[in-house]
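What follows is a single structure, written as structure tokens, with notes after it.
The values are calculated or read from the model by the stated rules, or taken from the named source; none is laboratory data. Computed from a prediction, not measured in an experiment: that's the story for all the values here. With ideal geometry, Cβ positions are generated from the backbone for all residues, glycine too; neighbour counts draw on all protein chains shown. Side chains are part of the model used for accessible areas, which takes the heavy atoms of the whole protein and leaves out ligands, DNA and RNA. Shrake-Rupley method; radii C 1.70, N 1.55, O 1.52, S 1.80 Å.
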Amino acid sequence: MTNNLTQEITRTPPRSAGDDIKEASGVYDQTDISVRPEEFRQRGPAEHREKTFELRNVSVSYGGNRAVHDVSMDIFHKNITALIGPSGCGKSTLLRSLNRMNDLVPSAKVEGSLLYHGADIYGPKVDPVQVRKVIGMVFQKPNPFPKSIYDNVAFGPRTTGIKGDMDDIVEEALRRAGLWDEVKDRLDDNAYGMSGGQQQRLCIARCIAVEPDVILMDEPCSALDPISTARIEDLMLELKERYSIVIVTHNMQQAARVSDMTAFLMVELTADEKSRWGELIEYDDTSKIFTNPGDSRTEDYISGRVG
Amino acid sequence: MTTAGITVSGGGAGNSPRRSLEAPSPRYGEKTVKVILAACAGLSVLVTTGIVLSLLSGAADFFREVPIHEFLFGTTWAPAFADAHFGVIPIVTGTLNIVFWALVVSIPLGLLSAIYLSEYAPNRVRKTIKPMLEVLEGIPTVAIGLFALMFLRPFLEDVFPFLDWTGPHAIGVAGVAVGLLIVPLVASISDDAMRSVPRGLREGAYALGASKLRVSARVVFPAAISGIVAAIVLAVSRAIGETMVVLMAAGARPQITFDPTKSAQTMTAFIGQTATGEISFGTIAYYTIFAVGALLFVMTLVMNLFAVRLVRRFREVYE
């Protein structure tokens, strides 16, 4: 069970984990990162083999400045995939390119191939509005609408025209987000009366109500206290039974606790050494990244020596 | 020797850890600035109070001669005639007609342009259109009045030939002209209100698969409603207060009518026309100016209070 595995990792302090690797790291070829996900896919459990996203040489630039350079990775079905790395390494940018949120920034440009179950997300016939129905997103700062709790959850289903009884849809979404018992008596209250953690779970409920396939989470706990954070993490582990989740986090413990796969990105100098961009350094099974990383930069980062 | 030692350690810069906590200078500049600022703020309050008081005292003189119910409910307005009548209703309906047509034009045009500017327009387009709108806001109203007479009137006559156009003046034409005059005001303030809606709310809606139209109409517009209502209230105030366009295009015949092709006098047009020197000081006709002015003041005041309540009720507070 992955749960047992992640608990084990949590108990292991990162520094000693880093020390262990020193002996083990010789076993792996540290220069060739791209081989690693393939390797995992071949020997990983069967349910992990289905790919939700395939990224090939993906680069994202804002107005000519490249933020993310040449990322290739596969994101697996019903996995939690964590993107970690220091500030400015482009992990949020990469996340936002998965559901075309970057389209909202006029100067943003995505290059390379980004496939969702084999279909090009940036294909000519693809409608970004439809993409975002299938690939939902939860943001760093809880952003409920200034409306009632009920209307917040009902917003998505009303938009997409999902059929069925709206009361049932709202209740089901709130139940799945673990919020129903707390709010069932005050569904008509304004969402801004809730605590930050509740607001964030409401945003998750709002996202679930649209019945997406994938939930992207951009540092969903960074504005929350530890108790709310723990609740959201529990929720994520429940949600992965139904959804593929990609989470950007600053918190390495969090990545270790909840994710199945971890991608480590880092800020690197460009070839001409004039500017910087984010690059994927290593992508592998979370337990491997945190106990036995293949790249010394990953090891330095997770053991707290850098960033 | 001891005393000398104490003086050195007490007053010396380097030796004692204790430093003076008293102000090094009396800071007269600070105090002067504070007085000047307070005086400026006080002056504007004083001037406003003065205007209101002079209106009210003039109006009080008027109501000593004419009973207030005759003024408020009378249906004939002829203050300068030998057989004088002081029923204000004809010029109040004149004003309301103008406000109505002005809003019919300016609310849809203004709000739709604001939605376009804030949600749809590319940055480059917005940067061109917004300053143009603001220039439009500054066009002298005499020019708009001329435009109403020379262009708008014949144009509307062509568009609606089946209406009974008689005489050179029409409240509909004046109302539409006033409406065009205040479109930039409505658009500019509503655009600011919608742009100040946090980006997070928009992103949240887009991430749920909402189209641009839905994000604009269901998230941004409601969140900006207090600013939008403020824009409309300002527009109404501006329409009530507009004088020159109305004087030029709606004429000066005080009559109760709701036909946009007919001429009608408004409250401001009456004041404008009368105050240009036709009437001698101290006569009853002279004091009517103050009575009408006071009524205008009360109308805008009531409307502003009403708008404040309305905003409080429908406002969507974020954070």
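Select from the range B:156-182 the residues that are part of a helix (DSSP H, G or I) and surrounded by fewer than 24 Cβ atoms within 10 Å (Cβ to Cβ) and list them in ascending order.
B:L156, B:E157, B:D158, B:V159, B:L180, listed by residue number.
Suppose we filter the range A:81-104 for residues that are part of a strand (DSSP E or B) and within 12 Å of chain B (Cβ to nearest Cβ); how many remain?
Of the residues in that region, 0 qualify.
How about the range A:105-120: which of its residues are within 14 Å of chain B (Cβ to nearest Cβ) and of a type in the set (A, V, I, L, M, F, W, C)?
First, pick out the residues of the range A:105-120 that are within 14 Å of chain B (Cβ to nearest Cβ): A:105-108.
Selection gives A:V105, A:A108.
Could we say that A:E238 is touching a residue at least 40 places away in the same chain (Cβ under 8 Å), acidic (D, E) and crowded, with 17+ Cβ neighbours inside 10 Å here? Break it down into steps so the answer makes sense when it comes.
On the way: touching a residue at least 40 places away in the same chain (Cβ under 8 Å): yes; acidic (D, E): yes; crowded, with 17+ Cβ neighbours inside 10 Å: no.
Answer is no for this residue.
May I ask you to list the residues in the range A:85-99 that are open to solvent by 30 Å² or more (accessible area, probe 1.4 Å) and in contact with a helix residue (DSSP H, G or I) (Cβ under 6 Å, 6 or more places away or on another chain)?
A:R96
Any chance the range B:194-210 includes a residue that's closer than 14 Å to B:T95 by Cα, within 26 Å of the chain's Cα centre (by Cα), in contact (Cβ under 8 Å) with a residue 12 or more places away in the chain and away from chain A (no Cβ under 14 Å)?
Looking through the range B:194-210, none of the residues is closer than 14 Å to B:T95 by Cα, within 26 Å of the chain's Cα centre (by Cα), in contact (Cβ under 8 Å) with a residue 12 or more places away in the chain and away from chain A (no Cβ under 14 Å).
Which pairs have Cβ atoms under 6 Å, sit 6 or more apart or on different chains, and link a residue in the range A:105-134 that is part of a loop (DSSP other than H, G, I, E, B) to one that is open to solvent by 50 Å² or more (accessible area, probe 1.4 Å) and not acidic (D, E)?
A:S107/A:Y62; A:S107/A:G63
Give B:D61, B:D83 a once-over and let me know the one that is open to solvent by 70 Å² or more (accessible area, probe 1.4 Å), within 21 Å of B:T274 (Cβ to Cβ) and either of a type in the set (D, E, K, R) or in a loop (DSSP other than H, G, I, E, B) (or both).
From the options B:D61, B:D83, the qualifying one is B:D83.
Output the residue which, of all residues in the range A:132-161 that are β-branched (V, I, T) and surrounded by fewer than 23 Cβ atoms within 10 Å (Cβ to Cβ), is farthest from the other protein chains (Cβ to nearest Cβ).
Here the residue is A:V134.
Quick one: count up the residues across the range A:162-200 that are among the basic types (K, R) and surrounded by fewer than 12 Cβ atoms within 10 Å (Cβ to Cβ).
Restricting attention to the range A:162-200, the residues satisfying the condition of being among the basic types (K, R) are A:163, A:175-176, A:184, A:186.
Still in the running and surrounded by fewer than 12 Cβ atoms within 10 Å (Cβ to Cβ): A:163.
So the answer is 1.
Name the single residue that is least open to solvent (accessible area, probe 1.4 Å) among those in the range B:108-126 being in a helix (DSSP H, G or I) and within 13 Å of chain A (Cβ to nearest Cβ).
B:E119
Looking at (1) modelled with pLDDT of 90 or more; (2) in contact with a Phe, Trp or Tyr (Cβ under 7 Å, 6 or more places away or on another chain), which is the one condition that is false for B:V66?
(1)
Among all residue pairs at least 6 apart or on different chains, which show Cβ distances below 9 Å where the first residue, located in the range A:250-278, is small (G, A, S) and the second is assigned to a helix (DSSP H, G or I) and open to solvent by 40 Å² or more (accessible area, probe 1.4 Å)?
A:A256/A:T10; A:A256/A:P14
Taking the range A:211-238 on its own, how many of its residues are more than 14 Å from A:Q199 (Cβ to Cβ), among the charged types (D, E, K, R) and not in a loop (DSSP other than H, G, I, E, B)? So that I can check it myself, show each step before the final result.
Step one: list which residues in the range A:211-238 are more than 14 Å from A:Q199 (Cβ to Cβ), which gives A:211-219, A:226-227, A:230, A:233-234, A:236-238.
Now narrow it down to the ones that are among the charged types (D, E, K, R): A:211, A:213, A:218-219, A:233-234, A:238.
Then drop every residue that is not not in a loop (DSSP other than H, G, I, E, B), which leaves A:218, A:233-234, A:238.
Qualifying residue count for the region: 4.
Counting only residues that are facing chain A (nearest Cβ under 10 Å), in a helix (DSSP H, G or I) and open to solvent by 40 Å² or more (accessible area, probe 1.4 Å), which one in the range B:211-228 is nearest to B:R312 (Cα to Cα)?
Filtering the range B:211-228 for residues that are facing chain A (nearest Cβ under 10 Å), in a helix (DSSP H, G or I) and open to solvent by 40 Å² or more (accessible area, probe 1.4 Å), the one nearest to B:R312 (Cα to Cα) comes out as B:R218.
Can you say whether B:F306 is hydrophobic (A, V, I, L, M, F, W, C), away from chain A (no Cβ under 14 Å) and touching a Pro at 6+ places or on another chain (Cβ under 9 Å), as far as the supplied structure shows? Steps first, please.
Numbers: hydrophobic (A, V, I, L, M, F, W, C): yes; away from chain A (no Cβ under 14 Å): yes; touching a Pro at 6+ places or on another chain (Cβ under 9 Å): no.
So B:F306 does not fit the description; no.
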